[in-house]
1. Identify, from the list Ala367, Ala342, the residue that is within 28 Å of the chain's Cα centre (by Cα) and hydrophobic (A, V, I, L, M, F, W, C).
2. Residue by residue through the range 155-168, note down the ones that are out of contact with any helix residue (DSSP H, G or I) (no Cβ under 6 Å at 6 or more places or on another chain), crowded, with 20+ Cβ neighbours inside 10 Å and not aromatic (Phe, Trp, Tyr).
3. Return a yes/no flag: does the range 59-81 have any residue that is within 24 Å of Ser127 (Cβ to Cβ) and without any contact (Cβ under 8 Å) to a residue 24 or more places away in the chain.
4. Restricting to the range 169-204, name every residue that is over 29 Å from Met103 (Cβ atoms) and touching a helix residue (DSSP H, G or I) at 6+ places or on another chain (Cβ under 9 Å).
5. Can you tell which of Leu301, Leu288, Leu336 is assigned by TED's automatic domain parsing to the domain that holds Ile400, modelled with pLDDT of 90 or more and either surrounded by fewer than 16 Cβ atoms within 10 Å (Cβ to Cβ) or over 16 Å from Gln248 (Cα atoms) (or both)?
6. Could you list, in sequence order, all residues of the range 310-333 that are under 30 Å from Ser14 (Cα atoms) and either part of a strand (DSSP E or B) or not assigned by TED's automatic domain parsing to the domain that holds Ile400 (or both)?
7. Kindly indicate the residue of the range 125-154 that is of a type in the set (Gly, Ala, Ser), surrounded by fewer than 20 Cβ atoms within 10 Å (Cβ to Cβ) and under 29 Å from Gly211 (Cβ atoms) and also modelled with the highest pLDDT among those meeting that condition.
Amino acid sequence: MYTYDFGTLLVGSSGEVDVDFLFDGGWFRGELAVFSLDGMESFTPGSTAFALEAARRALTNSEQGHILIQDNLEGARFTANLGYEPNFNTDPQNYPGVKTFSMTPGDEVGLMLVQHTTVQATLNNPSNIFQFGKLPLFSIPEANLLGTAKNQFEFVDVNGTGTIALEDVPIQQADRDYNDLILQLRGLDGNLAPLAGNINPARDWRNTDMGKQLIDYTNTPVFNEGVFKVDPSGEVIIDFLYDGGLYQGEVGIFSLKGMNPQDVGSETFIIEAINRAQSNTSQGYIVLKDSEEGAKFDALLDWEQDFNTGEYQGKETFQMNPGELFGLVLVPNGTLGEGLTAHESILSQDPLFSMSEANHNNQIQFANIKTDTIGTIVGFEDERLDRPSNEDYNDIVIAIEGVRSPIGVSAIEDVIFPSRNWLEEPVGSDDVLPYFDHF
């Protein structure tokens with residue numbers, strides 16, 4: 001197994017990778033791809049076989065790899081003439097926005113650029129890859145076919161925000177302005193060498209107006225914990241699976257569009273989140289009223305009685321805006337509105353969020369029970385952890401369809417109190433965990 005000093009990236013816990021094409025400073029119009037390194041030990045880095053296997057994986061459009069950017073079809077977000085070279089961003093009207101791809105959580109991956117061709121043509125015509133404009137270039141220095149030293153980099157890290165800049169010719173021939181393609185990747189933790197110390201000082205685009213705008217843009221905080229992204233259908237489907245809590249509260253979902261990640265946990269954030277959840281619009285909905293609804297499954301556990309009362313309503317569908325992020329909020333004992341007006345001493349009406357940063361002392365009140373290709377099952381702990389709670393995360397258990405994998409949500413096995421593991425009981429093992437198997 002190869003161990004690389006630089007150039008690989010690790011897929012985050014959600015498996016979701018967001019790609020934002022920021023700047024096109026190269027004449028070549030190629031393609032950028034990501035490929036999994038899992039099982040590639042039999043291919044020697046720097047060999048044609050390694051490059052072709054990377055191309056094959058990229059073309060699968062699966063967790064083995066994806067084509068991230070097609071420069072001949074897409075425009076970049078920022079446009080500029082830098083003086084020493086013309087504006088190569090000829091299709092700004094075709095800027096695709098942020099795109100999302102799925103990889104295997106925890107997987108090690110690499111990046112590959114094909115210069116002035118396509119990944120498919122590279123795979124189909126391996127005898128041509130050393131021709132002008134057809135050479136694959138890699139984020140892993142030793143994977144480059146012309147033989148690159150470990151301290152020579154085609155791909156570099158701009159500012160620690162997932163912003164990556166690269167050269168589109170072999171580094172031995174490059175002008176080292178590292179602007180031929182600039183993108184931002186979120187959901188990958190990379191070990192790329194820094195731009196500082198590698199860029200040509202006479203061509204440092206960071207000192208231009210465009211560069212300053214780009215850096216400001218990439219430094220803008222994002223929501224990356226305790227949130228979900230709406231699928232292209234825009235339909236979010238909620239099913240109330242289990243009620244393991246004495247309290248009778250309400251659960252809401254709320255869009256995060258236009259909300260500032262730096263405000264999370266503030267009074268402003270909480271008020272806006274609950275107002276959106278109560279709006280009954282694409283900005284948010286009350287998706288569950290425990291005082292009026294029953295859950296799909298019942299159970300009597302050794303440490304608590306059966307709290308499931310009311311009539312089970314079945315699945316409910318809520319229309320959100322495709323591609324937007326949303327969070328969840330629970331007022332354990334009462335309505336969402338009462339969560340806004342209750343005295344701070346009434347802890348049972350203290351709003352609890354899927355985002356731990358919005359909770360008292362950043363406490364994790366929300367856990368991912370199971371994620372399937374169909375959807376995700378999640379659970380709330382409705383007692384603040386500092387009260388203390390029993391930490392069984394079964395007080396409100398719901399299934400969510402119409403979303404991508406949860407982003408930054410703790411797995412239940414990492415937070416549940418071992419002696420309260422209801423997933424080992426029949427209601428967990430026979431009912432909740434196999435829920436999606438019956439679709």
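1. Ala367
2. Val156, Asp157, Val158, Gly162, Ile164, Ala165, Leu166, Glu167, Asp168
3. Scanning the range 59-81, I find at least one residue that is within 24 Å of Ser127 (Cβ to Cβ) and without any contact (Cβ under 8 Å) to a residue 24 or more places away in the chain, so the answer is yes.
4. Asp175, Arg176, Asp177, Asp204
5. One residue alone meets the criteria, Leu301.
6. Result: Glu316, Thr317, Phe318, Gln319, Leu325, Phe326, Gly327, Leu328, Val329, Leu330, Val331.
7. Once the filter is applied, the top-ranked residue is Gly133.
A quick yes/no check of all residues on (1) closer than 20 Å to Val264 by Cβ; (2) of a type in the set (Gly, Ala, Ser):
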position: Trp303; (1), (2): no, no
position: Gly310; (1), (2): no, yes
position: Lys315; (1), (2): no, no
position: Leu330; (1), (2): yes, no
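The values are calculated or read from the model by the stated rules, or taken from the named source; none is laboratory data. Keep in mind the model is a prediction, meaning the values are calculated, not measured. A quick note on method: Cβ atoms are made from the backbone with ideal geometry, for glycine too, and the neighbour counts reach across all protein chains shown.
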